[in-house]
1. Determine the calculated [θ] at 222 nm for the chain from helices alone, applying -39500 (n - 2.57) to every DSSP H run no shorter than 4 residues and normalising by the residue count; nearest 500 deg cm²/dmol.
2. Under unit Cβ charges (Lys, Arg +1; Asp, Glu -1), what dipole magnitude, rounded to 20 debye, does region 1-115 have relative to its Cα centre?
3. Ignoring ligands, DNA and RNA, please state the percent of accessible area on region 162-213 from carbon and sulfur, probe 1.4 Å.
4. Given Cα pairs under 8 Å that are at least 6 residues apart, what percent is the relative contact order of region 134-229?
5. I'd like to compare 70-76, 150-156: which one has the highest average count of other Cβ atoms within 10 Å, and what's the full order after that?
6. From the alpha carbon gyration tensor of the chain, can you work out the equivalent ellipsoid semi-axes (sqrt of 5 times each eigenvalue) and give them in Å, largest to smallest?
7. Using just the C-alpha positions of region 29-78 as equal point scatterers, what log10 of I(q)/I(0) does the Debye formula give at each q in 0.16, 0.27 1/Å?
8. Taking the Cα atoms only, what angle lies between the long axis of helix 94-104 and the longest principal axis of the chain, rounded to 10 degrees?
Amino acid sequence: MSLLVVGLSHRSAPVSVLERAALTRESRARLAHDVLAAEPATESAVLATCNRIEVYADVDKFHAGVAELSTLLARHSGVALEELTPYLYVHYEDRAVHHLFSVACGLDSMVVGEGQILGQIKDALALGQELHTAGRLLNDLFQQALRVGKRAHSETGIDKAGQSLVTFGLEQLAAGTPVADWAAGRRALVIGAGSMSSLAAATLARAGVAHVAVANRTLERAERLAAILTEPGGPGAFGFTASAVPMDAVPGELELADVVVSCTGATGLVLTADAVRAALAGRTNGSGPALALLDLAMPRDVDAAVHRLPGARLVDIESLAEASADAPMAADVDQVRTIVSDEVAAFGAAQRAAHITPTVVALRTMAADVVASEMSRLNGRLPDLDDKQRAEITQTVRRVVDKLLHAPTVRVKELAATPGGAGYADALRELFDLDPQAVAAVSRADTRADRHTTAREPA
(Lines give C-alpha, C1' and ligand atoms only; values in the text may rest on other atoms or scores of the structure.)
Protein backbone atom coordinates (compact mmCIF):
# COMPACT_ATOMS: atom_id res chain seq x y z
CA MET A 1 0.00 0.00 0.00
CA SER A 2 1.47 3.32 -1.11
CA LEU A 3 -1.34 5.63 -0.06
CA LEU A 4 -0.51 9.32 0.09
CA VAL A 5 -2.63 12.26 1.20
CA VAL A 6 -1.69 15.91 0.81
CA GLY A 7 -4.06 18.56 2.10
CA LEU A 8 -4.90 21.52 4.28
CA SER A 9 -7.68 22.11 6.77
CA HIS A 10 -8.89 24.48 9.47
CA ARG A 11 -6.30 22.89 11.75
CA SER A 12 -3.35 23.73 9.50
CA ALA A 13 -4.38 26.89 7.65
CA PRO A 14 -6.16 30.16 8.43
CA VAL A 15 -9.67 30.51 7.04
CA SER A 16 -8.46 33.23 4.66
CA VAL A 17 -6.22 30.66 2.92
CA LEU A 18 -8.91 27.96 2.93
CA GLU A 19 -11.33 30.42 1.42
CA ARG A 20 -8.99 31.25 -1.46
CA ALA A 21 -8.13 27.58 -2.02
CA ALA A 22 -11.77 26.40 -2.16
CA LEU A 23 -12.53 24.10 -5.12
CA THR A 24 -15.69 23.85 -7.19
CA ARG A 25 -16.93 20.42 -8.28
CA GLU A 26 -15.50 21.03 -11.74
CA SER A 27 -12.08 21.97 -10.38
CA ARG A 28 -12.14 18.89 -8.10
CA ALA A 29 -12.79 16.73 -11.15
CA ARG A 30 -9.95 18.34 -13.10
CA LEU A 31 -7.61 17.96 -10.13
CA ALA A 32 -8.43 14.25 -9.77
CA HIS A 33 -7.81 13.71 -13.50
CA ASP A 34 -4.51 15.60 -13.44
CA VAL A 35 -3.29 13.67 -10.39
CA LEU A 36 -4.05 10.40 -12.18
CA ALA A 37 -2.18 11.64 -15.24
CA ALA A 38 0.90 12.39 -13.13
CA GLU A 39 3.65 9.79 -13.30
CA PRO A 40 3.75 8.75 -9.60
CA ALA A 41 -0.02 8.14 -9.23
CA THR A 42 -2.22 5.23 -10.29
CA GLU A 43 -5.41 6.29 -8.42
CA SER A 44 -6.77 9.59 -7.12
CA ALA A 45 -9.65 11.12 -5.18
CA VAL A 46 -10.35 14.62 -3.86
CA LEU A 47 -12.13 15.35 -0.57
CA ALA A 48 -13.21 18.99 -0.35
CA THR A 49 -15.45 20.49 2.34
CA CYS A 50 -15.95 23.95 3.78
CA ASN A 51 -12.93 23.48 6.05
CA ARG A 52 -10.62 21.01 4.28
CA ILE A 53 -9.16 20.17 0.88
CA GLU A 54 -7.36 16.83 0.56
CA VAL A 55 -5.94 14.86 -2.35
CA TYR A 56 -5.63 11.08 -1.97
CA ALA A 57 -3.48 9.03 -4.35
CA ASP A 58 -1.87 5.64 -4.73
CA VAL A 59 1.72 6.48 -5.66
CA ASP A 60 4.86 4.47 -6.39
CA LYS A 61 7.27 7.25 -5.33
CA PHE A 62 6.79 9.13 -2.07
CA HIS A 63 8.84 12.30 -2.63
CA ALA A 64 7.80 12.65 -6.26
CA GLY A 65 4.19 12.06 -5.22
CA VAL A 66 4.29 14.78 -2.55
CA ALA A 67 5.83 17.27 -4.98
CA GLU A 68 3.33 16.45 -7.75
CA LEU A 69 0.23 16.53 -5.54
CA SER A 70 1.32 19.78 -3.87
CA THR A 71 1.96 21.43 -7.23
CA LEU A 72 -1.37 20.31 -8.68
CA LEU A 73 -3.28 21.36 -5.56
CA ALA A 74 -1.72 24.82 -5.80
CA ARG A 75 -2.45 25.07 -9.52
CA HIS A 76 -6.13 24.14 -9.23
CA SER A 77 -6.76 26.15 -6.07
CA GLY A 78 -5.18 29.27 -7.52
CA VAL A 79 -2.96 29.79 -4.46
CA ALA A 80 0.75 30.02 -5.25
CA LEU A 81 2.71 26.93 -4.20
CA GLU A 82 5.17 28.89 -2.06
CA GLU A 83 2.24 30.44 -0.18
CA LEU A 84 0.32 27.17 0.15
CA THR A 85 3.21 24.91 1.21
CA PRO A 86 3.51 26.07 4.87
CA TYR A 87 -0.10 25.03 5.47
CA LEU A 88 0.02 21.61 3.79
CA TYR A 89 0.17 18.34 5.72
CA VAL A 90 1.29 14.98 4.36
CA HIS A 91 0.30 11.48 5.52
CA TYR A 92 1.59 8.23 4.03
CA GLU A 93 0.54 4.58 4.17
CA ASP A 94 -0.99 3.66 7.57
CA ARG A 95 -0.86 7.29 8.74
CA ALA A 96 -2.93 8.27 5.71
CA VAL A 97 -5.50 5.57 6.53
CA HIS A 98 -5.58 6.72 10.17
CA HIS A 99 -6.15 10.30 9.03
CA LEU A 100 -9.14 9.50 6.79
CA PHE A 101 -10.73 7.22 9.38
CA SER A 102 -10.35 10.00 11.98
CA VAL A 103 -11.91 12.47 9.56
CA ALA A 104 -14.81 10.08 8.90
CA CYS A 105 -15.51 9.80 12.65
CA GLY A 106 -15.58 13.58 13.05
CA LEU A 107 -12.42 13.66 15.17
CA ASP A 108 -10.77 16.15 12.81
CA SER A 109 -13.86 18.29 12.26
CA MET A 110 -14.32 21.87 13.36
CA VAL A 111 -17.18 20.59 15.50
CA VAL A 112 -15.90 17.30 16.94
CA GLY A 113 -18.15 14.35 16.16
CA GLU A 114 -20.29 16.00 13.49
CA GLY A 115 -21.75 13.50 11.04
CA GLN A 116 -22.01 15.62 7.88
CA ILE A 117 -18.48 14.62 6.88
CA LEU A 118 -19.75 11.12 6.04
CA GLY A 119 -21.87 12.53 3.23
CA GLN A 120 -18.91 14.51 1.95
CA ILE A 121 -16.67 11.41 1.96
CA LYS A 122 -19.40 9.54 0.10
CA ASP A 123 -19.53 12.34 -2.48
CA ALA A 124 -15.73 12.21 -2.92
CA LEU A 125 -15.89 8.46 -3.52
CA ALA A 126 -18.80 8.82 -5.95
CA LEU A 127 -16.88 11.43 -7.95
CA GLY A 128 -13.78 9.20 -8.06
CA GLN A 129 -15.90 6.30 -9.31
CA GLU A 130 -17.67 8.48 -11.85
CA LEU A 131 -14.35 9.76 -13.20
CA HIS A 132 -12.74 6.27 -12.97
CA THR A 133 -9.86 7.75 -10.98
CA ALA A 134 -10.57 5.62 -7.88
CA GLY A 135 -9.33 2.03 -8.22
CA ARG A 136 -9.19 -0.85 -5.80
CA LEU A 137 -7.21 0.87 -3.03
CA LEU A 138 -9.23 4.09 -2.86
CA ASN A 139 -12.53 2.26 -3.30
CA ASP A 140 -11.62 -0.01 -0.39
CA LEU A 141 -10.30 2.91 1.67
CA PHE A 142 -13.28 5.24 1.28
CA GLN A 143 -15.86 2.46 1.64
CA GLN A 144 -14.19 1.36 4.85
CA ALA A 145 -13.92 4.96 6.09
CA LEU A 146 -17.70 5.28 5.73
CA ARG A 147 -18.20 2.06 7.69
CA VAL A 148 -15.79 3.17 10.41
CA GLY A 149 -17.54 6.54 10.71
CA LYS A 150 -20.94 4.86 11.02
CA ARG A 151 -19.54 2.44 13.59
CA ALA A 152 -18.17 5.31 15.70
CA HIS A 153 -21.55 7.04 15.70
CA SER A 154 -23.50 3.86 16.50
CA GLU A 155 -21.20 2.39 19.18
CA THR A 156 -20.21 5.55 21.09
CA GLY A 157 -21.78 8.74 22.34
CA ILE A 158 -19.77 10.91 19.96
CA ASP A 159 -23.08 12.24 18.59
CA LYS A 160 -23.70 13.91 21.94
CA ALA A 161 -20.55 15.94 21.47
CA GLY A 162 -20.92 16.25 17.72
CA GLN A 163 -23.36 18.89 16.62
CA SER A 164 -23.78 19.87 13.02
CA LEU A 165 -22.01 23.02 11.90
CA VAL A 166 -25.47 24.56 11.49
CA THR A 167 -26.47 23.88 15.10
CA PHE A 168 -23.12 25.09 16.38
CA GLY A 169 -23.49 28.28 14.33
CA LEU A 170 -26.99 28.94 15.60
CA GLU A 171 -25.77 28.45 19.17
CA GLN A 172 -23.14 31.12 18.55
CA LEU A 173 -25.81 33.49 17.23
CA ALA A 174 -28.05 32.75 20.21
CA ALA A 175 -25.15 33.73 22.50
CA GLY A 176 -26.06 31.58 25.49
CA THR A 177 -29.83 31.58 25.01
CA PRO A 178 -31.34 28.16 24.16
CA VAL A 179 -31.69 28.04 20.37
CA ALA A 180 -35.34 27.02 20.58
CA ASP A 181 -36.14 30.09 22.73
CA TRP A 182 -34.04 32.39 20.56
CA ALA A 183 -35.55 31.15 17.25
CA ALA A 184 -39.19 30.85 18.32
CA GLY A 185 -41.53 32.83 16.06
CA ARG A 186 -38.75 34.34 13.94
CA ARG A 187 -38.65 34.57 10.16
CA ALA A 188 -35.66 33.00 8.43
CA LEU A 189 -34.07 33.30 5.00
CA VAL A 190 -31.96 30.38 3.73
CA ILE A 191 -29.83 31.12 0.67
CA GLY A 192 -28.94 27.99 -1.29
CA ALA A 193 -30.68 24.63 -1.62
CA GLY A 194 -27.77 22.17 -1.35
CA SER A 195 -27.18 19.66 1.43
CA MET A 196 -25.91 22.19 3.99
CA SER A 197 -28.65 24.71 3.22
CA SER A 198 -31.27 21.95 3.42
CA LEU A 199 -29.93 20.95 6.82
CA ALA A 200 -30.02 24.59 7.93
CA ALA A 201 -33.64 25.00 6.81
CA ALA A 202 -34.72 21.81 8.60
CA THR A 203 -32.79 22.79 11.75
CA LEU A 204 -34.44 26.21 11.81
CA ALA A 205 -37.87 24.64 11.34
CA ARG A 206 -37.27 22.24 14.23
CA ALA A 207 -35.98 25.13 16.36
CA GLY A 208 -39.36 26.83 16.07
CA VAL A 209 -39.05 29.62 13.48
CA ALA A 210 -42.40 30.68 12.04
CA HIS A 211 -41.36 30.86 8.39
CA VAL A 212 -38.41 29.89 6.18
CA ALA A 213 -37.92 31.51 2.79
CA VAL A 214 -35.57 29.54 0.52
CA ALA A 215 -33.70 31.43 -2.20
CA ASN A 216 -31.75 29.63 -4.89
CA ARG A 217 -30.47 30.32 -8.39
CA THR A 218 -32.50 27.34 -9.60
CA LEU A 219 -35.98 28.13 -8.34
CA GLU A 220 -37.19 24.54 -8.80
CA ARG A 221 -34.69 23.31 -6.18
CA ALA A 222 -35.86 25.98 -3.75
CA GLU A 223 -39.48 24.97 -4.35
CA ARG A 224 -38.63 21.32 -3.76
CA LEU A 225 -36.94 22.14 -0.43
CA ALA A 226 -39.84 24.35 0.67
CA ALA A 227 -42.27 21.54 -0.14
CA ILE A 228 -40.25 19.03 1.90
CA LEU A 229 -40.19 21.40 4.87
CA THR A 230 -43.99 21.76 4.93
CA GLU A 231 -45.06 18.22 4.06
CA PRO A 232 -47.00 16.26 6.74
CA GLY A 233 -44.62 14.98 9.39
CA GLY A 234 -42.00 17.53 8.36
CA PRO A 235 -39.64 19.30 10.75
CA GLY A 236 -41.81 22.35 11.40
CA ALA A 237 -44.32 22.72 14.22
CA PHE A 238 -48.03 23.49 13.70
CA GLY A 239 -48.44 26.76 11.81
CA PHE A 240 -44.93 26.68 10.29
CA THR A 241 -44.74 27.86 6.67
CA ALA A 242 -42.07 27.91 3.97
CA SER A 243 -41.74 29.57 0.59
CA ALA A 244 -39.37 29.57 -2.39
CA VAL A 245 -38.09 32.81 -3.91
CA PRO A 246 -35.72 33.63 -6.79
CA MET A 247 -32.33 35.16 -6.02
CA ASP A 248 -33.41 38.59 -7.22
CA ALA A 249 -35.97 38.61 -4.39
CA VAL A 250 -33.25 38.32 -1.70
CA PRO A 251 -33.01 42.10 -1.00
CA GLY A 252 -36.70 42.24 -0.14
CA GLU A 253 -36.51 39.05 1.95
CA LEU A 254 -33.56 40.49 3.86
CA GLU A 255 -35.75 43.33 5.10
CA LEU A 256 -38.28 40.80 6.44
CA ALA A 257 -35.87 38.25 7.89
CA ASP A 258 -34.64 37.95 11.46
CA VAL A 259 -32.22 35.09 10.70
CA VAL A 260 -30.24 34.48 7.50
CA VAL A 261 -28.26 31.34 6.70
CA SER A 262 -26.24 31.30 3.49
CA CYS A 263 -24.33 28.38 1.99
CA THR A 264 -23.96 28.47 -1.78
CA GLY A 265 -21.27 27.40 -4.20
CA ALA A 266 -20.80 30.93 -5.50
CA THR A 267 -17.26 32.13 -6.10
CA GLY A 268 -18.13 35.74 -5.23
CA LEU A 269 -20.08 37.45 -2.46
CA VAL A 270 -23.80 36.74 -2.33
CA LEU A 271 -24.53 39.40 0.32
CA THR A 272 -22.42 42.54 0.22
CA ALA A 273 -22.13 44.94 3.13
CA ASP A 274 -24.10 47.50 1.13
CA ALA A 275 -26.94 45.02 0.55
CA VAL A 276 -27.14 44.21 4.27
CA ARG A 277 -26.92 47.91 5.17
CA ALA A 278 -29.82 48.67 2.83
CA ALA A 279 -31.86 45.83 4.31
CA LEU A 280 -31.24 47.11 7.84
CA ALA A 281 -32.38 50.57 6.79
CA GLY A 282 -35.54 49.10 5.27
CA ARG A 283 -36.57 47.00 8.26
CA THR A 284 -39.86 48.18 9.71
CA ASN A 285 -38.78 47.61 13.30
CA GLY A 286 -35.36 49.20 13.64
CA SER A 287 -35.38 48.75 17.40
CA GLY A 288 -36.04 45.02 17.16
CA PRO A 289 -33.47 42.22 17.52
CA ALA A 290 -30.32 42.37 15.45
CA LEU A 291 -30.34 40.73 12.04
CA ALA A 292 -28.54 37.41 12.64
CA LEU A 293 -26.49 36.06 9.74
CA LEU A 294 -24.82 32.63 9.59
CA ASP A 295 -22.39 32.19 6.68
CA LEU A 296 -21.41 28.53 6.17
CA ALA A 297 -19.96 28.93 2.68
CA MET A 298 -16.35 28.53 1.63
CA PRO A 299 -15.44 30.87 0.03
CA ARG A 300 -17.63 33.17 2.09
CA ASP A 301 -21.07 34.29 0.87
CA VAL A 302 -21.41 37.27 3.23
CA ASP A 303 -19.04 40.23 3.17
CA ALA A 304 -16.86 40.20 6.31
CA ALA A 305 -17.52 43.94 6.60
CA VAL A 306 -21.01 43.05 7.87
CA HIS A 307 -19.32 42.38 11.24
CA ARG A 308 -19.01 46.15 11.62
CA LEU A 309 -22.61 47.07 10.76
CA PRO A 310 -24.78 48.21 13.69
CA GLY A 311 -27.90 46.06 13.92
CA ALA A 312 -26.29 42.99 12.36
CA ARG A 313 -24.57 39.99 13.93
CA LEU A 314 -22.52 37.77 11.63
CA VAL A 315 -21.14 34.32 12.43
CA ASP A 316 -18.98 32.82 9.68
CA ILE A 317 -16.52 29.96 9.26
CA GLU A 318 -13.72 32.03 10.74
CA SER A 319 -15.59 32.86 13.94
CA LEU A 320 -16.84 29.26 14.18
CA ALA A 321 -13.25 28.05 13.99
CA GLU A 322 -12.28 30.34 16.86
CA ALA A 323 -15.26 29.25 18.97
CA SER A 324 -14.72 25.52 18.29
CA ALA A 325 -11.12 25.73 19.50
CA ASP A 326 -12.47 26.24 23.02
CA ALA A 327 -15.21 23.59 22.81
CA PRO A 328 -14.81 20.74 25.36
CA MET A 329 -13.96 17.26 24.10
CA ALA A 330 -16.37 14.45 24.96
CA ALA A 331 -15.22 11.43 26.96
CA ASP A 332 -16.38 9.27 24.05
CA VAL A 333 -13.60 10.69 21.88
CA ASP A 334 -11.11 8.28 23.46
CA GLN A 335 -13.36 5.35 22.61
CA VAL A 336 -13.63 6.56 19.01
CA ARG A 337 -9.85 6.87 18.81
CA THR A 338 -9.57 3.23 19.90
CA ILE A 339 -12.02 2.21 17.18
CA VAL A 340 -9.98 4.13 14.61
CA SER A 341 -6.71 2.49 15.69
CA ASP A 342 -8.25 -0.99 15.56
CA GLU A 343 -9.79 -0.35 12.15
CA VAL A 344 -6.51 1.01 10.75
CA ALA A 345 -4.71 -2.16 11.83
CA ALA A 346 -7.43 -4.35 10.33
CA PHE A 347 -7.43 -2.40 7.06
CA GLY A 348 -3.65 -2.63 6.76
CA ALA A 349 -3.73 -6.37 7.40
CA ALA A 350 -6.47 -6.86 4.79
CA GLN A 351 -4.55 -4.84 2.22
CA ARG A 352 -1.34 -6.75 2.85
CA ALA A 353 -3.19 -10.06 2.61
CA ALA A 354 -4.86 -8.95 -0.62
CA HIS A 355 -1.46 -8.04 -2.03
CA ILE A 356 -0.36 -11.67 -1.99
CA THR A 357 -3.60 -13.11 -3.41
CA PRO A 358 -2.60 -12.67 -7.10
CA THR A 359 0.65 -14.54 -6.37
CA VAL A 360 -1.24 -17.41 -4.68
CA VAL A 361 -3.72 -17.55 -7.58
CA ALA A 362 -0.86 -17.59 -10.10
CA LEU A 363 0.82 -20.40 -8.13
CA ARG A 364 -2.33 -22.52 -8.11
CA THR A 365 -2.87 -21.81 -11.82
CA MET A 366 0.68 -22.97 -12.54
CA ALA A 367 0.08 -26.12 -10.47
CA ALA A 368 -3.12 -26.83 -12.40
CA ASP A 369 -1.24 -26.41 -15.67
CA VAL A 370 1.44 -28.87 -14.46
CA VAL A 371 -1.25 -31.43 -13.55
CA ALA A 372 -2.91 -31.01 -16.95
CA SER A 373 0.42 -31.37 -18.73
CA GLU A 374 1.38 -34.51 -16.81
CA MET A 375 -2.03 -36.08 -17.37
CA SER A 376 -1.71 -35.38 -21.07
CA ARG A 377 1.70 -37.09 -21.07
CA LEU A 378 0.27 -40.05 -19.13
CA ASN A 379 -2.55 -40.39 -21.65
CA GLY A 380 0.05 -40.68 -24.39
CA ARG A 381 1.99 -43.36 -22.52
CA LEU A 382 -1.06 -45.32 -21.30
CA PRO A 383 -3.69 -44.92 -24.01
CA ASP A 384 -5.60 -48.02 -22.86
CA LEU A 385 -6.83 -46.43 -19.64
CA ASP A 386 -10.62 -46.16 -19.55
CA ASP A 387 -12.39 -42.93 -18.62
CA LYS A 388 -13.05 -44.01 -15.02
CA GLN A 389 -9.40 -44.88 -14.41
CA ARG A 390 -8.19 -41.70 -16.05
CA ALA A 391 -10.58 -39.57 -13.95
CA GLU A 392 -9.48 -41.31 -10.74
CA ILE A 393 -5.80 -40.74 -11.49
CA THR A 394 -6.45 -37.10 -12.36
CA GLN A 395 -8.38 -36.55 -9.12
CA THR A 396 -5.62 -38.24 -7.08
CA VAL A 397 -2.89 -36.07 -8.60
CA ARG A 398 -4.95 -32.94 -8.01
CA ARG A 399 -5.51 -33.89 -4.36
CA VAL A 400 -1.79 -34.43 -3.85
CA VAL A 401 -0.98 -31.02 -5.36
CA ASP A 402 -3.70 -29.29 -3.34
CA LYS A 403 -2.48 -30.84 -0.09
CA LEU A 404 1.11 -29.86 -0.82
CA LEU A 405 0.11 -26.25 -1.59
CA HIS A 406 -2.50 -25.82 1.14
CA ALA A 407 -0.25 -25.26 4.17
CA PRO A 408 2.26 -22.90 2.51
CA THR A 409 -0.44 -20.79 0.80
CA VAL A 410 -2.52 -20.45 3.98
CA ARG A 411 0.56 -19.65 6.03
CA VAL A 412 1.89 -17.11 3.53
CA LYS A 413 -1.46 -15.28 3.60
CA GLU A 414 -1.28 -15.12 7.39
CA LEU A 415 2.29 -13.87 7.31
CA ALA A 416 1.51 -11.34 4.58
CA ALA A 417 -1.15 -9.74 6.82
CA THR A 418 1.49 -8.87 9.43
CA PRO A 419 3.49 -5.61 9.30
CA GLY A 420 6.35 -6.02 6.86
CA GLY A 421 4.67 -9.05 5.30
CA ALA A 422 4.70 -7.73 1.75
CA GLY A 423 8.00 -9.49 1.07
CA TYR A 424 6.39 -12.93 1.32
CA ALA A 425 4.77 -12.48 -2.09
CA ASP A 426 8.20 -11.83 -3.59
CA ALA A 427 9.59 -14.90 -1.84
CA LEU A 428 6.77 -17.06 -3.17
CA ARG A 429 7.32 -15.85 -6.72
CA GLU A 430 11.06 -16.50 -6.42
CA LEU A 431 10.76 -19.98 -4.86
CA PHE A 432 8.29 -21.25 -7.45
CA ASP A 433 9.76 -19.30 -10.38
CA LEU A 434 6.38 -17.72 -11.15
CA ASP A 435 6.00 -15.63 -14.28
CA PRO A 436 5.62 -11.96 -13.17
CA GLN A 437 3.30 -11.37 -16.13
CA ALA A 438 0.98 -14.10 -14.89
CA VAL A 439 0.78 -12.47 -11.45
CA ALA A 440 0.20 -9.04 -13.03
CA ALA A 441 -2.60 -10.47 -15.18
CA VAL A 442 -4.43 -11.71 -12.07
CA SER A 443 -4.00 -8.28 -10.42
CA ARG A 444 -5.42 -6.47 -13.45
CA ALA A 445 -8.40 -8.82 -13.63
CA ASP A 446 -9.12 -8.40 -9.91
CA THR A 447 -8.88 -4.61 -10.17
CA ARG A 448 -11.33 -4.47 -13.08
CA ALA A 449 -13.79 -6.73 -11.29
CA ASP A 450 -13.45 -4.80 -8.03
CA ARG A 451 -14.00 -1.43 -9.72
CA HIS A 452 -17.09 -2.73 -11.52
CA THR A 453 -18.54 -4.06 -8.27
CA THR A 454 -17.81 -1.09 -6.00
CA ALA A 455 -19.15 1.36 -8.57
CA ARG A 456 -22.57 -0.25 -8.08
CA GLU A 457 -22.46 -0.66 -4.32
CA PRO A 458 -24.21 1.88 -2.07
CA ALA A 459 -21.77 3.42 0.38
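1. The helix contribution divided over the chain gives -18500 deg cm²/dmol.
2. Details: 9 positive and 15 negative charges, 60 e Å.
That gives a dipole near 280 debye.
3. Values: 850 of 1620 Å².
After summing per-atom areas, the C and S share lands at 52 percent.
4. Relative contact order comes out at 21 percent.
5. 70-76, 150-156
6. On the way: eigenvalues 637, 101, 77 Å².
The answer is 56, 22, 20 Å, longest axis first.
7. Calculated log10 I(q)/I(0) at the listed q: -0.38, -1.04.
8. 40 degrees
The values are calculated or read from the model by the stated rules, or taken from the named source; none is laboratory data. A quick note: this is a predicted structure, and the numbers were derived from the prediction, not measured. We place every Cβ from the backbone using ideal geometry, glycine too, and count neighbours over all the protein chains shown. What goes into the accessible areas is simple: the full protein's heavy atoms, side chains included, and nothing from ligands, DNA or RNA. Shrake-Rupley method; radii C 1.70, N 1.55, O 1.52, S 1.80 Å.
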